[in-house]
Amino acid sequence: MRARRKRRPASYGFGFLDENAKKELRRALMKAVAIPGYQVPYASREMPIARGFGTGGLQITLALLGEDDTVKVIDQGSDESVNAANLRKFFALVCLGVTETTRTTDATVIQTRHRIPERRLRADQILVFQVPYPDPLVVVEANAGKRREMHGAANYARLWTKLYEDMVTFDEITISHRYPTRIAGHYVIDPSPIPRWDVPKLHMADCLYLFGAGREKRIYAVPPHTTAQPLSFSDVPFRVEDFTDEHGKRRACARCGATGTFLDELLAADSVKSYHCSDIDFCTETLKATQCAPSSKSAA
Amino acid sequence: MATTLEIPTIYRPNNQQRLFRLLLDAMAHPGSVAALSAWTDEAPAYLAVLAALCDGAVTIADLDAMLEDADWRFLEAARADFAGARFIVARGDRSPAAGLAPTLGDLTAPEMGATIILVIAELVRPGLSVQASGPGIKGTREISLGTLDQEWITRRADWVRFFPMGVDLLICDRARVLALPRSTRIKSEGAAS
């Protein structure tokens with residue numbers, strides 16, 4: 001078999017995108033922050049990954065990054081899944097000088113698919129979401145033009161009706177992720193497929209949240225210190241996922257023992273279920289802190 | 001003989017990235033003052049803002065003829081009058097012209113509302129002061145607008161009355177910039193002594 005020739009490093013300009021593409025993204029980002037929750041249209045470029053694999057988030061991150069940035073990429077809380085690891089490698093390839101990290105506290109820009117890190121993000125950090133479907137009204141209105149009018153007038157009556165129908169049929173709102181959330185009292189956004197657990201983190205955060213939908217060509221934002229209210233009825237309050245076991249006890253992470261995190265359910269080969277933190281960095285840091293604590297040292 | 005084109009600092013991509021991040025941070029934290037001087041090589045802040053955000057796809061209205069021919073060449077943007085311009089540059093320490101009516105966008109495309117860059121002598125000098133609240137501001141915040149003419153704040157109130165339509169202000173002195181997006185609610189306190 002013929003040996004494969006080693007590839008040369010890619011000779012792209014910094015950030016892969018051309019400067020005009022970055023400027024268009026930057027103008028869209030400025031308007032997205034100025035109009036919280038509004039989906040700003042932009043000319044989503046062809047990227048070297050397929051649409052639906054995070055091209056929206058990728059383009060925002062490339063428009064943001066500079067040589068002094070530290071970037072982290074997570075996919076469902078994990079830094080090592082195929083999507084996250086490949087996007088991180090891509091940033092290293094096309095943004096020379098940018099530092100890669102898996103530590104939330106070290107990152108200046110974090111690109112995420114479907115989670116918000118457990119640790120509260122600081123004012124100097126930006127979280128970039130990969131968004132598959134940006135418009136929460138798509139479930140009640142097929143016409144995009146009409147949806148834009150409804151958003152502009154903050155007319156969400158049909159969305160409320162949909163939630164009410166859920167109540168009538170199932171006794172609770174059945175949306176598990178992509179929970180419609182009202183930003184700064186006007187626009188309702190689709191916060192991307194984050195679990196309900198993460199929705200309250202959008203409210204009055206210290207950091208800036210940016211959302212990019214590459215296939216749908218939309219960018220929107222939730223600025224810091226901005227209200228983010230999940231839609232709910234006064235007599236049926238919004239609630240997050242419940243991790244209590246059959247004895248009424250809150251489940252703990254099998255690895256680090258944390259009891260205040262969003263948990264993934266894992267099924268072993270012998271069909272035994274276990275629960276682990278979804279946010280791997282948080283889990284690892286908690287584990288380190290536990291192992292270094294004086295009580296565990298003396299126990300050892 | 002070969003000649004080389006010396007590209008001014010503010011038009012170099014790495015500096016534009018840094019300027020953009022400062023502007024994004026300023027927009028996300030209305031009223032916070034961003035110092036641009038480390039990336040401008042003494043170019044005025046308003047020109048650095050335009051350089052970071054504009055290219056051939058946008059239009060600029062230069063109301064007080066502050067842009068020189070060389071600036072237009074590097075910016076690549078088309079000239080426009082205020083009614084259709086995406087970006088408007090004007091002196092902020094004078095009152096706006098009575099007929100000034102920037103584009104506010106519409107309900108389905110509020111992003112078409114103009115970005116107005118106001119140039120004043122000094123941002124942090126005692127002068128106009130306002131109470132601001134809204135997205136990006138924890139509670140309320142007193143913002144010093146230095147030598148900005150109060151009429152701009154009065155006119156802004158009309159322009160942003162029908163949110164999400166409106167304009168976004170970037171107020172610059174020589175080396176600093178402060179943002180007042182349309183989402184910021186302002187209560188004017190008048191000029192201090």
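Only the coordinates and a few stated rules stand behind these numbers; no lab work does. Predicted, not measured: the structure shown is a model, and the values here were computed from it. Methodologically, a virtual Cβ is constructed for each residue, glycine included, from the backbone with ideal geometry; neighbour enumeration extends over all protein chains shown.
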Subject >> For chain A, built as a Gaussian network whose Cα springs stay under 10 Å, the top-fluctuating residue of A:155, A:143, A:83 >> reply: A:143
Original post:
For the protein assembly as shown, what D do you get in µm² per second when you plug the Kirkwood radius from alpha-carbon pairs into Stokes-Einstein at 4 °C and 1.567 mPa s?
Top reply: 53 µm²/s
**OP:** Take every Cα pair under 8 Å in the stretch A:19-230 that's 6+ residues apart, average their separations, divide by the length, and report that relative contact order as a whole percent.
**Re:** 28 percent
**OP:** Name the residue, out of B:100, B:19, B:75, whose mean-square fluctuation peaks in a Gaussian network model built on chain B with Cα pairs under 10 Å.
**Re:** B:100
Original post:
For chain B, modelled as a Gaussian network with Cα springs under 10 Å, which listed residue fluctuates most, B:127, B:56, B:136?
Top reply: B:56
Original post:
Within straight cross-link reach of residue A:249, meaning Cα distance under 18 Å, which aspartates and glutamates are found once same-chain residues fewer than 8 apart are removed?
Top reply: A:241, A:264, A:265
Subject >> Proxy reagent accessibility, fewest Cβ within 10 Å first, across A:47, B:27 >> reply: A:47, B:27
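How big is the Cα convex hull of the stretch A:19-230 in projection, averaged over all directions, in nm²?
On the way: hull surface 45.7 nm².
Result: 11.4 nm².
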**OP:** Could you tell me which of B:37, B:129, B:97 has its Cα farthest along the dipole of chain B towards the positive end, charges placed at Cβ (Lys, Arg +1; Asp, Glu -1), taken about the Cα centre?
**Re:** B:129
Original post:
Which GluC sites (Glu not before Pro) in the stretch A:33-139 pass both tests, a DSSP loop state and at most 13 other beta-carbon atoms within 10 Å?
Top reply: A:46, A:67, A:80
Original post:
Between Rg and the Kirkwood Rh of the stretch A:242-293, both from Cα atoms, what is the Rg to Rh ratio?
Top reply: 1.00
Subject >> FRET efficiency, 1/(1 + (r/R0)^6) with R0 35 Å, evaluated for residue B:122 and residue A:43 via beta carbons >> reply: 0.35
Subject >> Simple label model, 7 Å out from Cα along Cβ direction - residue A:105 to residue A:269, nm >> reply: 3.7 nm
Original post:
Any idea what the alpha-carbon Rg over 2.2 N^0.38 Å comes to for chain B?
Top reply: 1.01
**OP:** Over chain B, calculate the relative contact order: mean separation of alpha carbon pairs under 8 Å at least 6 apart, over the residue count, as a percent.
**Re:** 24 percent
Original post:
What does the charge add up to near residue A:99, with Lys and Arg as +1, Asp and Glu as -1, over the other residues with Cβ less than 12 Å from its Cβ?
Top reply: -2
Original post:
For chain B, what are the DSSP H helices with axial Cα length of 30 Å or more and mean Kyte-Doolittle hydropathy of at least 0.0?
Top reply: none
**OP:** List B:50, A:263 from most exposed to least, where exposure is judged by having the fewest other Cβ atoms within 10 Å.
**Re:** A:263, B:50
**OP:** For peptide B:51-57, compute the average count of partner chain beta-carbon atoms within 10 Å of each residue's beta-carbon.
**Re:** 4
Original post:
Is there a pair in A:22/B:187; A:23/A:72; A:217/B:187; A:31/A:217; A:72/A:162 whose C-alpha atoms are over 25 Å apart, and which pairs would that be?
Top reply: A:22/B:187; A:217/B:187; A:72/A:162
Original post:
Considering every residue in B:125-132, what mean count of other chain Cβ atoms within 10 Å of its Cβ is obtained?
Top reply: 0
Original post:
Sorting B:137, A:189 on the 10 Å Cβ count, fewest up front, what's the list?
Top reply: B:137, A:189
